[in-house]
Amino acid sequence: MENDTTRGVIAGQAMIFGDKGLAKYLNTNPTTPANWRRTGVGPRWIRVGLRCVAYRVADVEAWLTGRENMPLPPTPAAPALVPPRAPAREPAPDVFPRRLQVA
């Protein structure tokens, strides 16, 4: 069942989405907008109530425009599966003389 937060609301000339509506508009997982808000990487948002946020379509479009042809970050080198061996050490000198074994 769709409501105003999923399909968008026309307020004057501005169209406003809720989390579900934004996720549907961008074809992403419904939890993605909340993750974006928490990490600070998503479009600008407005707190409407205690547990309700809204996104203006103009803000979403501006955010998308800023991400056009954005190069991907370089991938880090894969970690070595086996740590490299430490160089061989010299044997420690005998501190105490060994006992002579008498046969």
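Once both labels are positioned 7 Å from their Cα atoms along Cα-to-Cβ, the gap between Thr65 and Lys20 label points is 3.0 nm. The slack in the chain from Ala58 to Ile46, taken as 0.36 nm per residue of separation less the alpha-carbon distance, amounts to 3.1 nm.
The numbers here are math on the coordinates, done by the rules we state, and not lab data. Here the structure is a predicted model, which is why all the values come from computation and not from measurement. Quick reminder, even Gly has a Cβ in these numbers, built from the backbone with ideal geometry, and neighbours come from all protein chains shown.
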